[in-house]
Amino acid sequence: MGFDYFALLHHVDLRPIRADLSHIDSGSLLALHNYPADFARIYVERRWVAKDPILGASERRNVGFRWRDLPTQVRFWRPKNDIAIEARRYGIGDGYTVPTNVPGEPKGSCSFAVTVGRVFPDSSLLMAESVAAFAFQSARSLILKGRSVPIRIPHPPLTRRQLECLVLVAKGKSDWEIGQILGIGSETVKHHIRLARERYDVPTRVQAAIRAIFESGLTIEDLTT
């Protein structure tokens, strides 16, 4: 998607857990990231999880947001400013955070960031929203592994045409454009996408596209060709 860093986590104090690990699984807590190890260590040692304006902002909204917009939305006091300064010192520039708050669990979020000086991939924000939701759901399922969970009856697989439609959805094509590319009508395209959404039990076409991409083994590079 054009980002260099990611962080998928519950907003909890991680001091009892080693900060140099790229993944944390303690009970029902979740934290996955590829931030520089030294920055992660400082973040944990200084208990910034309770002061991070990005995490604080994500707990008060339901949609994603650019980090650069925070100064106009969140009151920055000194410890919060120190986080941004330290992040840039370790090469972490602008980013985008998607709240992933689940009722009954600690607040959570999924963030994507670029290195300092790199062009921010604005065209990837819609994809980031969907990837964040799917990634958080998948990571939570790893926590539940081994526990007693209800057995889900698998849905029938996508047809070739449904997958083709969803791949084009992921490329940002409209129903009309998909129809022109595949040689079918717009209503037929809508029908295929509706069946795919029902198959995955998701409310939006983009969420269905993300699920299909992961299940079919396609990569982001495949979507740009």
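The values are calculated or read from the model by the stated rules, or taken from the named source; none is laboratory data. Just so we're clear, the structure is a prediction, and the values are computed from it rather than from any experiment. Please note: Cβ atoms are built from the backbone with ideal geometry, for glycine as well, and neighbour counts cover all protein chains shown. Protein only, heavy atoms only, side chains kept; ligands, DNA and RNA dropped before computing areas. Shrake-Rupley method; radii C 1.70, N 1.55, O 1.52, S 1.80 Å.
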| task | Calculate the spin-label point distance for Trp176 paired with Asp69, positioning each point 7 Å from the Cα along the beta-carbon direction, and give it in nanometres. | result | 2.8
| task | Beta carbons within 10 angstrom, averaged per residue: use that to sort the peptides 203-213, 46-56, 173-183, highest first. | result | 203-213, 46-56, 173-183
| remark: Total charge of the residues flanking Arg89 in space, meaning their Cβ is under 11 Å from its Cβ, with Lys and Arg +1 and Asp and Glu -1, is -2
| message | Under 5 Å between amide hydrogens, which residues at least 5 positions from Val116 or on another chain qualify, with H placed 1.01 Å from N in the peptide plane? | response | Ile92, Gly93
| request: Over the range 160-208, average the accessible area per residue using a 1.4 Å probe and give it in Å², no decimals. | output: 54
| request: Give the calculated FRET efficiency between Leu195 and Val116 to the nearest 0.05, with a Förster radius of 41 Å applied to their Cβ-Cβ distance. | output: 0.40
